[in-house]
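Take a look at the structure set out below.
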Amino acid sequence: MRTKVEQNFSNFYDKWMRQLEDLLQLLLVVSKEHTDQEAGYEAVVDRLTAHHKEFYRFKWAAAHEDVLSVFTPVWLSPLENAYLWVTGWKPSMAFRLVESLRGAQTPATGSLAGMTEEQVKKMEALRAKMKVEEERVEREMERQQVAMADRKLVELARLERRAKTSEGGSAAAVAQVDGLVEVALKGLLVGLERVMKMADCARLKTLKGVLDVLTPMQSVDFLAAKSMLQIQMRKWGKMRDKCHFVNDIKPTLDLI
């Protein structure tokens, strides 16, 4: 059964993805127009970035209520979950996408094939900078994970077990230990929320940095490709889940 936070975020995410599909169609239309008016490109890029900012605002609010829900998101398929990096996409993925688009000789992505030497250098500098950010996030995540083996937590686990299994353990003693456990767990959850925000900030910095390097037309093509990947990954994940469900239920149906 889903918690209130999980249900609210699931509803929000379904709506957010539908809006992303609508925005993708707008991106593709604008991309095909090849107009010289940069204002048109900038307007649709602003709409996409605002859409992504809305996602992170909602996500942070949900994580503040229940941070574990964003680390085990029930609104994503197992396929989508498999490619998560600290609750989201890995920043280096954006640079790999730029490389792929630069090598694609198609009308929809041709603008990135025309990146200037200066743009390429700026993109490489940004990649190196964000690599450092990724490593910092990963070190902090590792620190949170190994904190579970902290001596104080180990002793607390032993104390709780002793209090609840000992015949002489009083209700007051059990309540006191439960209180200490609650404080310790709260500290761990605060740490997870902090590392999640660090990762999200790295994602937002990467997105802003890439868009700053690209021209408005190139930004439209980049965002279209990124949105398309996210949408298709979700569809592939749902398709796989549906196939597994059918395969699992068929033997049962055959018995009826």
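The values are calculated or read from the model by the stated rules, or taken from the named source; none is laboratory data. Values in this document were obtained by computation on a predicted structure and should not be read as measured data. Cβ: placed from backbone, ideal geometry, glycine included. Neighbour counts: every protein chain shown.
For the reader, a short list of remarks on this structure follows.
- Of all residues in segment 65-85, one or more are within 12 Å of the chain's Cα centre (by Cα) and closer than 14 Å to ARG203 by Cα.
- Among all residues of segment 139-158, there is none that is farther than 29 Å from GLU182 by Cβ, modelled with pLDDT of 95 or more, out of contact with any strand residue (DSSP E or B) (no Cβ under 8 Å at 6 or more places or on another chain) and part of a helix (DSSP H, G or I).
- If you go through segment 56-77 and keep only what is of a type in the set (A, V, I, L, M, F, W, C) and free of Cβ contacts under 8 Å to residues at least 40 places away in the same chain, you end up with just ALA61.
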